[in-house]
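In what follows, a single structure is set out as structure tokens and then discussed.
The values are calculated or read from the model by the stated rules, or taken from the named source; none is laboratory data. As the structure is a prediction and not an experimental result, all values here were calculated from the model. Note that we place each Cβ from the backbone using ideal geometry, even for glycine, and neighbour counts take in every protein chain shown. These accessible areas exclude ligands, DNA and RNA; they are computed on the full protein's heavy atoms, side chains included. Shrake-Rupley method; radii C 1.70, N 1.55, O 1.52, S 1.80 Å.
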Amino acid sequence: MVDADQTFVIIGGGLAGAKAAETLRAEGFTGRVILICDERDHPYERPPLSKGYLLGKEERDSVFVHEPAWYAQNDIELHLGQTVDAIDRGAKTVRFGDDGTLVHYDKLLIATGAEPRRLDIPGTDLAGVHHLRRLSHAERLKHVLASLGRDNGHLVIAGGGWIGLEVAAAAREYGAEVTVVEPEATPLHSVLGPELGQIFAELHREHGVRFHFGVRLTEIVGQDGMVLAARTDDGEEHPAHDVLAAIGAAPRTALAEAAGLTLADPAQGGGIAVDASLRTSDPDIFAAGDVANAAHPLLGARLRTEHWANALNGGPAAARAMLGRQVSYDRIPYFFSDQYDLGMEYSGHAAPGGYDQVVCRGDVGKRQFIAFWLREGRVLAGMNVNVWDVTEAIQPLIRSGRAVDVEALSDPAVPLGTLG
């Protein structure tokens, strides 16, 4: 039985929003829970969009957070395909953009996520220019990759980050020709640095991917509305039937900004500024997932994390804080990737220029190793590549903040659990 005395509204029907709604009920909240999603699909998880689902190895239904019937069964008022265009903090209402309906809230969670950054160059209006963020994008791209594979077609990818590389791997598995254009000297440069980025460049080259580093796309050339080629700022022209823009994502903060909530400095990742309990500058409004920039109590820095684990854990943490529980969201950032026969997991945060040493244990040449990023002997981050069941040993090294014996850290014979 729903008690209408209190209403909690969640704006954003991704993983963070759906898990927040689930947690509210699991924690015993009996008031109204309203979940507003601007997509017509039920809330889903995003990793399969560039991994299993894109490759045709996972069914479409496998991406959804809950079965469709779950929402009604748990008295979650789910609004699909609807947007919120205003928050009135004084009246404590949100306004639906389609018909202007006002809904009162006692507590509000903003989980609006992020949007793919757009290429600001001529030719982006051509058919065959793609982004990958939503399920509909993945459905379209899946058919495109299959078609390119059948016809020996060419895909140019702008951006050598995680999405760019995962789509490159999928495209090669379909048989498409792939060129990645990346302004840095290696892929994943801002995440892994040149030391580890080069390993991923070699992996993709072995599978037939061509890289063009140190340049940016300047124009997408077409004819009769279709893509023919992509040009870079060094004068090169790459044949292309399709182009994927994978140049990052921008937090969807317009709603929060219009409501007067404090935003984080773009130099710190942007997004909605929240404290360690995921509370915004308004005590009755919280933010979680890709849009939230949280003061991390353990790492001593502000972080905006665009990864699955942050949505999975951040949504429930925000829900508990909305209920008045004591919350200190200090999860170690974590993400994973699968490309060809390489699987990896990354824990921690090592910003460019923020570390002074990279240490590896295992066989880097065989791509079966663990890499650690250190500053003054302290482990900031660890990435295991084709080495499994070590995350629970890596994260305490980061959490302890203590200097480790670097020689022992690099020795596979020394158990990681003895180094903390």
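First measure r as the distance between the Cβ atoms of VAL390 and SER190, then evaluate 1/(1 + (r/R0)^6) with R0 = 41 Å and state the FRET efficiency to the nearest 0.05. Can you show the working numbers first?
On the way: r = 24 Å, r/R0 = 0.59.
Given R0 = 41 Å and the Cβ-Cβ separation, E is 0.95.
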Inset, instruction - Provide the solvent-accessible area of ASP38, counting protein heavy atoms only and rolling a 1.4 Å probe, rounded to the nearest 10 Å². - result: 50
Inset, instruction - Quick one: what are the phi-derived ³J(HN,Hα) couplings along segment 317-327, Karplus 6.51/-1.76/1.60 with θ = phi - 60°, whole Hz, x for glycine and proline? - result: 5, 5, 4, 5, 5, 4, 7, x, 6, 6, 10
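At 0.36 nm per residue, and after removing the present C-alpha to C-alpha distance, how many nm does the segment from ASP85 to ALA408 gain when stretched out fully? The partial results should precede the final answer.
Numbers: separation 323, 0.36 × 323 = 116.28 nm, distance 5.52 nm.
So the chain would gain 110.8 nm between ASP85 and ALA408.
Suppose the chain between ARG378 and ARG25 were pulled fully straight at 0.36 nm per residue; how much longer would it get relative to their current alpha carbon spacing? Could the numbers behind the result be given before it?
Values: separation 353, 0.36 × 353 = 127.08 nm, distance 4.01 nm.
123.1 nm is the gain from fully extending ARG378 to ARG25.
Residues of segment 131-205: accessible area per residue at 1.4 Å, in Å²?
Details: 2480 Å² over 75 residues.
Computed with neighbouring chains in place, this is 33 Å² per residue.
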Legend entry - Euclidean distance of C-alpha centroids, segment 18-80 and segment 278-340, integer Å: 18
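For a protection proxy built on the mean count of beta-carbon atoms within 10 angstrom, sort 295-306, 243-254, 166-177 highest first, please. The partial results should precede the final answer.
Working: 295-306: 16.6, 243-254: 20.9, 166-177: 22.8.
So the peptides 295-306, 243-254, 166-177, ranked by packing, come out 166-177, 243-254, 295-306.
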Inset, instruction - Arrange the peptides 148-155, 186-193 so that the one whose residues have, on average, the most other Cβ atoms within 10 Å appears first. - result: 186-193, 148-155
Legend entry - Amide H contacts of GLY153 (H built 1.01 Å from N, under 5 Å, at least 5 apart or other chain): GLU177
Legend entry - Accessible surface of the chain, 1.4 Å probe, proportion on carbon and sulfur as whole %: 46
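At 37 °C and 0.692 mPa s, what whole-number value in µm²/s does Stokes-Einstein give for the translational diffusion of the chain, with Rh from the Kirkwood sum over Cα pairs? The partial results should precede the final answer.
Details: Rh = 22.7 Å.
Estimated diffusion coefficient is 144 µm²/s.
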Inset, instruction - Quick one: of LYS107/LYS142; LYS142/LYS366; LYS19/LYS107, which pairs are farther than 28 Å apart, Cα to Cα? - result: LYS107/LYS142; LYS142/LYS366
Inset, instruction - Output ³J(HN,Hα) for segment 96-113: one whole-Hz value per residue in order, computed from phi by the Karplus curve 6.51 cos²θ - 1.76 cosθ + 1.60 with θ = phi - 60°, and x for Gly and Pro. - result: 6, x, 7, 10, x, 4, 9, 10, 7, 10, 8, 10, 10, 10, 9, 9, 7, x
Inset, instruction - Per residue of segment 216-228, in order, report the coupling 6.51 cos²θ - 1.76 cosθ + 1.60 (Karplus, θ = phi - 60°) as ³J(HN,Hα) in whole Hz, putting x for Gly and Pro. - result: 10, 5, 10, 6, 10, 8, x, 8, 6, x, 10, 6, 10
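What FRET efficiency, computed as 1/(1 + (r/R0)^6) with R0 = 51 Å and r the Cβ-Cβ distance, is obtained for ARG325 and MET226, rounded to the nearest 0.05?
Numbers: r = 55 Å, r/R0 = 1.07.
With a Förster radius of 51 Å, E is 0.40.
Around ALA413, what is the net charge, scoring Lys/Arg as +1 and Asp/Glu as -1 over all other residues with Cβ under 15 Å from its Cβ?
Details: positive: ARG361; negative: ASP363, ASP405, GLU407, ASP411.
Charge balance near ALA413 sits at -3.
State the extension gain, in nm to one decimal, for the chain segment bounded by GLN357 and ARG210, taking 0.36 nm per residue of separation less the distance between their alpha-carbons. Kindly include the intermediate steps, with their values, before the conclusion.
Values: separation 147, 0.36 × 147 = 52.92 nm, distance 2.94 nm.
Taking GLN357 through ARG210 to full extension adds about 50.0 nm, to one decimal.
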Inset, instruction - For segment 60-149, evaluate the Debye formula with one uniform point scatterer on each Cα (no solvent term) and list log10 I(q)/I(0) at q = 0.23 Å⁻¹, rounded to two decimals. - result: -1.23
Legend entry - Using a Förster distance of 35 Å, the FRET efficiency for THR124-ASP61 (Cβ separation, nearest 0.05): 0.60
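From the helices alone, meaning DSSP H stretches of at least four residues, give me the mean residue ellipticity at 222 nm for the chain, per-run term -39500 (n - 2.57), in deg cm²/dmol to the nearest 500.
-7500 deg cm²/dmol
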